Amino acid sequence: MNAQFPKFQKIINHRLKFRFFLFQKLPAAWIAGLRMQQFEATQAIVTVSYQWLNQNPFRSMYFAVQSMAAEMSTGMLAFGQIYQRNPSVSMLVVGMEAKFHKKAIGKTSFICKEGLQIATAIEDALYTGEGQTIKCYSVGKNQDGEIVSEFWFTWSFKAKSKSA
């Protein structure tokens, strides 16, 4: 577990600091209206509400916005584990799969509960010096708790050389 995770967690769980982080690092997520509902070492919940800016022609949320929210629920857990690491660790999405079950209207929550598995993969990358991959699951649920969409993101982690 990254000793700096609590410092990153404090930034992400502060509403204004999180919005500034999005504006700086992920402006498309800022424009689409993504919000962090919960952020802990074990899980992250990202919400997004259907609105004019993220709509598709079928009166529901555009699939790319759902993908962005789902990816953020997995990626923030990873980013928290690599935040201010020495040696640093690179992270990259190398694959994605998705299933869509219902129209996303209203508020949709994307939940990833794989924080510990992500931390283990990053620790393995640091310990072995070899790249590691992990497939992370995020489920999107509407306000009634019904599954709207499911996503699987494959993340790759690689420790950077200590001299770099």
Which of the trypsin sites (Lys or Arg not before Pro) found in the range 1-86 are loop residues per DSSP with 16 or fewer other Cβ atoms within 10 Å of their Cβ?
R59, R85
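Full extension from V94 to A64: what is 0.36 nm times the residue separation minus their Cα-Cα distance, to one decimal in nm?
Extending this stretch completely gives an extra 9.1 nm.
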How about the range 94-164: which trypsin sites (Lys or Arg not before Pro) there are in a DSSP loop, with at most 16 other Cβ atoms within 10 Å of their Cβ?
K102, K103, K160, K162
Between the modelled labels at Q24 and Y127 (7 Å from Cα along Cα→Cβ) the distance in nm is 3.3 nm
Where does helix 115-128 land angle-wise versus the long Cα axis of the chain, in degrees 0 to 90, nearest 10?
30 degrees
Using a Cα-Cα cut-off of under 14 Å, which aspartates and glutamates could be cross-linked to K102, ignoring same-chain neighbours fewer than 8 residues away?
D144, E146, E150
Which of the aspartates and glutamates could a cross-linker bridge to K17, judged by Cα under 19 Å and excluding same-chain residues fewer than eight apart?
E40
Would you indicate which of (1) 14.0, 42; (2) 15.9, 52; (3) 16.3, 59 is the value of Rg and Dmax of the Cα atoms in Å derived from the coordinates of this structure?
(2)
Evaluate the relative contact order of the chain (contact order divided by residue number), counting alpha-carbon pairs under 8 angstrom at least 6 apart; express in whole percent.
25 percent
For the chain, what does -39500 (n - 2.57) per DSSP helix run (n ≥ 4), summed and divided by total residues, give at 222 nm, in deg cm²/dmol to the nearest 500?
-11500 deg cm²/dmol
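Values quoted throughout were computed directly from the atomic coordinates according to the rules given, and no laboratory measurement underlies them. Given the structure is predicted, the values throughout are model-derived calculations rather than measurements. Backbone-built Cβ (ideal geometry, glycine too); neighbour counts: all protein chains shown.
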